[in-house]
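To start, the structure itself, in C-alpha cells.
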Amino acid sequence: MTLDANWAARWLIAAGDVFETERGALSELDRQIGDGDHGENLSRGFGAVRGQLRVGTLPGTPAEVLREAALTLISTVGGASGPLYGTALLRASEVIADKDALDAADVAALLRAGAAGIAQRGSAEPGDKTMLDSWLPAADAAAVAAERGEDAPAVLAAAVRAADAGAVATDDLIALRGRAAYLGERSRGHRDPGAASSALLIAAAADSL
Amino acid sequence: MTLDANWAARWLIAAGDVFETERGALSELDRQIGDGDHGENLSRGFGAVRGQLRVGTLPGTPAEVLREAALTLISTVGGASGPLYGTALLRASEVIADKDALDAADVAALLRAGAAGIAQRGSAEPGDKTMLDSWLPAADAAAVAAERGEDAPAVLAAAVRAADAGAVATDDLIALRGRAAYLGERSRGHRDPGAASSALLIAAAADSL
Amino acid sequence: MKKLMNDPRAVTEQTVAGYVRAHAGRLRRVGTGYGVARVEPLLPGTVAVIGGGGSGHEPMHLGYVGAGLLAGAVPGEIFSAPTPEAILEVVTATHAGAGVLFVVGNYSGDRFNFELAAERCAERGIPTHTVVVADDVGLGELIRADNRRGIAGMLVAAKVLGAAAERGDDLESLAEIGARLGHGIASMGVGLRAGTSPLADVASFDLGEDEMEIGIGIHGELGRDRLPRQRADAIADLLVGETLAELAPPAGDSLLVFVNGLGGTPPGELALFFDAVARSLEGRGYGVARVLVGTHVTALDMQGVSLTLGRFDSELLSLWDAPVDTPALRAP
Amino acid sequence: MKKLMNDPRAVTEQTVAGYVRAHAGRLRRVGTGYGVARVEPLLPGTVAVIGGGGSGHEPMHLGYVGAGLLAGAVPGEIFSAPTPEAILEVVTATHAGAGVLFVVGNYSGDRFNFELAAERCAERGIPTHTVVVADDVGLGELIRADNRRGIAGMLVAAKVLGAAAERGDDLESLAEIGARLGHGIASMGVGLRAGTSPLADVASFDLGEDEMEIGIGIHGELGRDRLPRQRADAIADLLVGETLAELAPPAGDSLLVFVNGLGGTPPGELALFFDAVARSLEGRGYGVARVLVGTHVTALDMQGVSLTLGRFDSELLSLWDAPVDTPALRAP
Ligand SMILES: Nc1ncnc2c1ncn2[C@@H]1O[C@H](COP(=O)(O)OP(=O)(O)O)[C@@H](O)[C@H]1O
Ligand SMILES: Nc1ncnc2c1ncn2[C@@H]1O[C@H](COP(=O)(O)OP(=O)(O)O)[C@@H](O)[C@H]1O
Ligand SMILES: [Mg+2]
Ligand SMILES: [Mg+2]
Ligand SMILES: [Mg+2]
Ligand SMILES: [Mg+2]
C-alpha cells in the first residue's frame, strides 16, 4: 500500500489496460465532437508506456516513473492529448521529485500540478469542456481531503469521485478548446473525451493501491 | 415533284424536324454504345441548317443548298458526325454541281458520293457498324433501281428501304469505328446511332418530294 | 451533383474564362470559340504546336499553352471535338510562318475535325501535320489496335513536340518525332468512381463502393474489366505489367513514368501510387528515368489514375527535360 | 472506399516515400519519422522555415519544401500532429545557425507539439519562433476568434515567410511579418462531398447529392450550415462576402486571391470557380492583385473548394512574388 515507484508503475500499467479496453468507447466520444482518435491515441501512448515498465524491478522514485512515462507519451501520441497528458505527468513528477513514497499531501500536490500543467499547456480554463474539467475537481477534492487529514488512499478516492463527476458535468458545457470548439453550441450534450479519459486515469491510480 | 433547290431545302428542313423529334431516341442509342450526344449533335447541326434556309425563295441549285448545309454542319456539330455528314453532303453536292433538277441517275450518284465521302473521311468499311452501313446499301439500291430505269421518287424509295434495313442490320455487328469500337464485343446487340440517323435523313429526302 | 458550376451549358465557356483570367500574362483568347493562344508570340519561323479536343480534361489542353509546349489550344464542348472553324482561329492566331503541328487524340470526332481544318489550312497555303496520339492499351485485345484512344500520353507527346518546335525543328522533323513517340508511349487507367458530366445528372457509370473498372477511358467509357478494388500495389503492378508488355523495353531499361490523376483523386494518393509503380518497375528489373506525378489529363471528376510509361531515346529524353513554362507544367 | 492505398496504417509512410522518390533531386527524408528536408542546404545564417501538422493535406506541407519556401516539413499521421521528436529531427537537419521558424495551423495538437519542440530547441540553444495561422473565418460567430483554424492560408503564410527567410530576414523580422500576415489573410471553405479517412470506412459526414456544407474544416469537421447546393456564382459570392467582411479592405483595393481545391474537385472546376470569385470581387468594387488556383491544401479526397483572400501591402506582395521552386509550387 506504499505509493512508491512500483505503485506508480502499477498505475500506469493499469491505465494502459483500461485505455486498451475503453479504446473504442473513447474514440466514439471523440467521433461525436472531435476527430475520433482519442482512444487510438491513448492506447498507442499508454501502450508504449506500459511496454517500458517492469513492475517489481524498479529502483527509482515515483517521480522517475512519471517522468519517463511523460516523455514517452509526448513522443508517441502526437495529437493534443499527448502533450497534455505528458505535461501533466511531467509537472506532477516535478512536485514529488526525490520522494521514495508519497503521502496524502503529495498525492494532492501531484494532482494539482498535473491540472496546472494541462491548464498552462492548453491555455484552458475551467468550464472550457476539456480534460481540465476532470483534473481540476480531482485536484480540489484531493486538497480538501488532505487538509482534513485523510490518508493517501482516501485522498485518491475523493479525487476519483470528483474526476468522475467533473467528466459527467462536461456534458452540459459548450467546448471552447480543442476540436470540439469548432462545433460551438452543437458540442453541448456530449461528454468531452479527454475529461472521460482523465477520470479513467485517476481511477487507475486508486485501483493500483 | 421536281428535285430542285427547293426540294433540297425541304429535305434538309424535314431532316432538322425529324432530328429534333428523334433527338432523345438517337441520344439514347448513343448512350448505349457511345457518349450519348448523337441526338444533340444532329439537332444542333441540322437546326442551324434549317435556320439558314428559306424555302421558296431559293434561286440556286440543289448542289448549292447541300454545299451550304455541309459547311454549316461542319462548323456547328464538332463531334464525329458533323464532319461525316458534312463530307457526305459536300461530296454529294460535287457530283450534282450545276444541275437545276436531279433525275434518277443523279439521285443514285448523290447517294454514292455521300457514302464514299463517309467511307473516306471515316476510313470506314462496310460492316464496321457505322453510318456507312446505312448509306452504302442505300446507294447500292438506288443504283440498281436507276439502272432498271425507275424514276427519281422510286429510286429514293428503294434507297429508303435499304437504308432502314442497313441500320437494323447494324444491331448484329461489332463496332470497329468510333466510340462504340471501345466496347468491342459488348457493342453487339445495339443499333449504331449514326446508321439510325442516316436512315432518317434519307427517308426525309423521299418524304420531301 | 458534386460540381461547382452555373448553367451546365456555360461550363466550357466559364472554365476557359477562368484559366485565361488566372493566367492573363500568358494566355489570351482568340477568335469567337474557346481557342486560347500564348500572349508571347512564337519566334518567327517556328512551328506552331496546337493541341485540341473536347474539354473536360483540364488542365489539358489550355493549361499547357506556353513556352516549350503548346502555341495554342482548341477546347471543344465537354468531350466533344472542336469545329474546324475554332481550330482555324487558333491557327491564324499562332502561325509563325513555319506551319502548324496538330496534336490530337485518336477519336473520330477530333481526327475528322482537325483533318477538315488541315484541308482548309492547305487551301490557304499553311502546311500542317497532325500527330494522332493513341497510347491507351487499356482495352487490350478487346479492340483493334488502330482504335486505341489517346489519353494521358497526349500530354507527353505535346511536351516533347512542343520542346522540339521551340528549339526550331521544322514540320518534317516534328512529324518524324511524332512517329517515334507513337511507339514509345503506353498508358492505362483505372477508375474508382466515374465522373459526372455537367449536362448529365448521374455518373457515366456506376461502381460499387469497393469496385474498380480497369482500362477506362477519359470520357467515362467503360474499360475492360470490373474487379473488386485492390491494394494500390496490386493495381500499380497490373498497370505496369500491361504497359511494359506493350513497350517491351530491354531488361534494365529506365523509363519515363507519368502517374496521372483523373480529376477526383487527391495528390497524396497519386504520390503513394507512384511509389507503388516505382517499386513494381524495380521489382521487374526496370528503372525510373523521369517522373511526372500529378492531375494533368482528367476525365471531369473521375476518381482514379492512369499510368503512362515512355520508352525514350536520349533525344526524346532531352526534349522531355527542356524548360517549359505553362500554367499547369513548369520546369525546371 | 474510393482510395488508392495499401495497408491503411501505411498511408502516411508510403505517401511521404512517393513524394521523396518523385522529387529525389529536391527532397530527402530525415530522421526516423516522416520528416522531409531540402536536399540543397540552406545558406548558413538563414532561418529555417519549417511547416508541419497532420498529413492528409497533400501537397501541404512536403510539396512546399524547396527554395523560397520551406526548409523542411514534418507530417504527422493523418490529421494528427507530429511528435516533438519528429519536429526536432527536421530542426536538426535544417538549422543553419539563424534559428527556426515554425509555421503551424491553429490546432491544439499542432500547437502543443510544436511548443514542446520549441522548448527542447531552447534547451539546445536553438532560437525558435512559431507563427500560428488561423485564417478560417468559416465558422463565424459560432466559435471564439482564438479558436479559428488554419486552412489554406497556411500555404500563403509559408510562402511569404519562406521568401522572407530566403532573402535573409532574421527571426525577429520574420515574427513581425507573421504577425502582419495574421491580420491580412482570411479563408472559408465549402464542402460538396466529405473526404474519407483511410482508417475509417465511411466519409466523415454525409451530404445529399444536392447539398453542400458551408464553412467546413480540412479534417472533415462540419461547418456552419448545410444548404442546398447553389450555383458556383452564388457560392463564390458567399465566400467572397464573408472573407471580405473579415479583411475590410478599403474600396477599390486589390487582393490576393487563392482558390484552393480540397482534393476531389478537378482543375477545371477550380478555374470556373475562380472566374466566379473574380467577378464577384469586381462587382463589389475590388480588384485581383495576385492569383493562385489549384489543389494545394487538401482534406483527403473531399470535394469542394476554399477561398483565401489576402490583403497585402507592397512588401508582402513582393514576398509573394519572389521566386519559388518546390514540387508543388514553382514560379515565376
Ligand atoms: N487547449 C486544450 N486544453 C485542454 N485540453 C484540451 C485542449 N485541446 C484539446 N484538449 C483535450 O484533448 C482531448 C482530445 O484529445 P485527442 O483526441 O487525443 O487529440 P486531438 O484533438 O488532437 O485529436 C479533448 O477531448 C480535450 O479534453
Ligand atoms: N470512323 C467512322 N467512320 C464512319 N462513321 C463513324 C466513324 N466514327 C463514328 N462514326 C459514326 O458517328 C456516329 C456517332 O456520332 P456522334 O455521336 O454525333 O459523334 P461522337 O462519336 O463524336 O460523339 C456513330 O454512331 C457512327 O455511325
Ligand atoms: Mg481526437
Ligand atoms: Mg456521340
Ligand atoms: Mg460526342
Ligand atoms: Mg487527432
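The values are calculated or read from the model by the stated rules, or taken from the named source; none is laboratory data. What you see is a predicted model, and the numbers here were worked out from it, not measured in a lab. For neighbour counting, all protein chains shown are included, and Cβ atoms are generated from backbone atoms with ideal geometry for every residue, glycine included.
So here's what we get for this one:
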{"item": "Test: residue in region A:185-195 that is within 14 Å of chain D (Cβ to nearest Cβ), away from ligand 2 (no atom under 16 Å from the Cβ) and touching a Ser or Thr at 6+ places or on another chain (Cβ under 7 Å)", "result": "yes"}
{"item": "One residue from C:Ala98, C:Ala81 being within 7 Å of chain B (Cβ to nearest Cβ), part of a loop (DSSP other than H, G, I, E, B) and touching a residue at least 24 places away in the same chain (Cβ under 8 Å)", "result": "C:Ala81"}
{"item": "Complete set of residues in region B:70-91 that are more than 16 Å from ligand 2 (Cβ to nearest atom) and surrounded by 24 or more Cβ atoms within 10 Å (Cβ to Cβ)", "result": "none"}
{"item": "Tabulated pairs, region C:303-332, first under 26 Å from C:Pro249 (Cα atoms), second of a type in the set (Ser, Thr, Tyr) and assigned to a strand (DSSP E or B), C-beta under 7 angstrom, 6+ apart or interchain", "result": "C:Ser306/C:Ser187; C:Leu307/C:Ser187; C:Thr308/C:Ser187"}
{"item": "Checking B:Val49 against (1) within 16 Å of ligand 5 (Cβ to nearest atom); (2) at pLDDT 95 or above, the condition it does not meet", "result": "(1)"}
{"item": "Condition met for C:Val131 (within 16 Å of ligand 2 (Cβ to nearest atom) and either surrounded by fewer than 24 Cβ atoms within 10 Å (Cβ to Cβ) or more than 9 Å from every other protein chain (Cβ to nearest Cβ) (or both))", "result": "no"}
{"item": "Selected residue (criterion: surrounded by the fewest Cβ atoms within 10 Å (Cβ to Cβ)) from residues of region D:256-286 that are outside any helix (DSSP H, G or I) and facing chain C (nearest Cβ under 10 Å)", "result": "D:Val257"}
{"item": "Residue satisfying all of: in region D:17-39; touching a Gly at 6+ places or on another chain (Cβ under 8 Å) and among the charged types (D, E, K, R); nearest to D:Ala96 (Cα to Cα) among these", "result": "D:Arg38"}
{"item": "Among (1) within 14 Å of another protein chain (Cβ to nearest Cβ); (2) over 30 Å from C:Lys3 (Cβ atoms); (3) crowded, with 21+ Cβ neighbours inside 10 Å, the one test that D:Pro327 misses", "result": "(2)"}
{"item": "Residue within region C:123-131 that is more than 16 Å from ligand 1 (Cβ to nearest atom) and within 13 Å of the chain's Cα centre (by Cα) present", "result": "yes"}
{"item": "Qualifying positions in region C:88-143 - farther than 23 Å from B:Thr130 by Cβ and in contact with a Pro (Cβ under 7 Å, 6 or more places away or on another chain)", "result": "C:Ala96, C:Gly97, C:Gly99, C:Arg120"}
{"item": "Among (1) under 25 Å from C:Ile87 (Cβ atoms); (2) within 14 Å of ligand 5 (Cβ to nearest atom), the one test that B:Ile33 misses", "result": "(1)"}
{"item": "Of all residues making up region B:168-203, the number that are away from ligand 4 (no atom under 15 Å from the Cβ) and on the phi > 0 side of the Ramachandran plot", "result": "2"}
{"item": "Subset tally (residues that are in a loop (DSSP other than H, G, I, E, B) and surrounded by fewer than 23 Cβ atoms within 10 Å (Cβ to Cβ)) for region C:147-172", "result": "4"}
{"item": "Yes/no for C:Gly125 being away from chain B (no Cβ under 11 Å) and surrounded by fewer than 18 Cβ atoms within 10 Å (Cβ to Cβ)", "result": "yes"}
{"item": "Residue in region B:59-79 that is of a type in the set (Gly, Ala, Ser) and within 16 Å of ligand 4 (Cβ to nearest atom) present", "result": "yes"}
{"item": "Of all residues in region A:99-124 being in contact with a helix residue (DSSP H, G or I) (Cβ under 7 Å, 6 or more places away or on another chain) and not in a helix (DSSP H, G or I), the one that is nearest to ligand 1 (Cβ to nearest atom)", "result": "A:Ala124"}
{"item": "Enumeration of residues in region D:1-15 that are facing chain C (nearest Cβ under 8 Å) and either closer than 12 Å to C:Ala271 by Cβ or β-branched (Val, Ile, Thr) (or both)", "result": "D:Leu4, D:Met5, D:Val11, D:Gln14, D:Thr15"}
{"item": "Of all residues in region B:8-44 being surrounded by 20 or more Cβ atoms within 10 Å (Cβ to Cβ) and not in a helix (DSSP H, G or I), the one that is farthest from ligand 4 (Cβ to nearest atom)", "result": "B:Gly36"}
{"item": "Hits in region A:45-62 (condition: among the small types (Gly, Ala, Ser), in a helix (DSSP H, G or I) and surrounded by fewer than 23 Cβ atoms within 10 Å (Cβ to Cβ))", "result": "A:Gly47, A:Ala48, A:Gly51"}
{"item": "Subset of region B:160-194 [hydrophobic (A, V, I, L, M, F, W, C) and more than 16 Å from ligand 5 (Cβ to nearest atom)]", "result": "B:Val160, B:Ala162, B:Ala163, B:Ala165, B:Ala167, B:Val168, B:Ala169, B:Leu173, B:Ile174, B:Leu176"}
{"item": "Residue in region D:196-204 that is more than 14 Å from chain A (Cβ to nearest Cβ) and crowded, with 24+ Cβ neighbours inside 10 Å present", "result": "no"}
{"item": "Unique match (being within 14 Å of chain C (Cβ to nearest Cβ), part of a helix (DSSP H, G or I) and not basic (Lys, Arg)) among B:Ala180, B:Ala143", "result": "B:Ala180"}
{"item": "Tally, over region A:72-123, of residues that are away from chain D (no Cβ under 14 Å) and of a type in the set (Gly, Ala, Ser)", "result": "12"}
{"item": "Unique residue being within 14 Å of chain D (Cβ to nearest Cβ) and either surrounded by 22 or more Cβ atoms within 10 Å (Cβ to Cβ) or over 28 Å from B:Thr87 (Cβ atoms) (or both) when the list is C:Val104, C:Val90, C:Val36", "result": "C:Val36"}
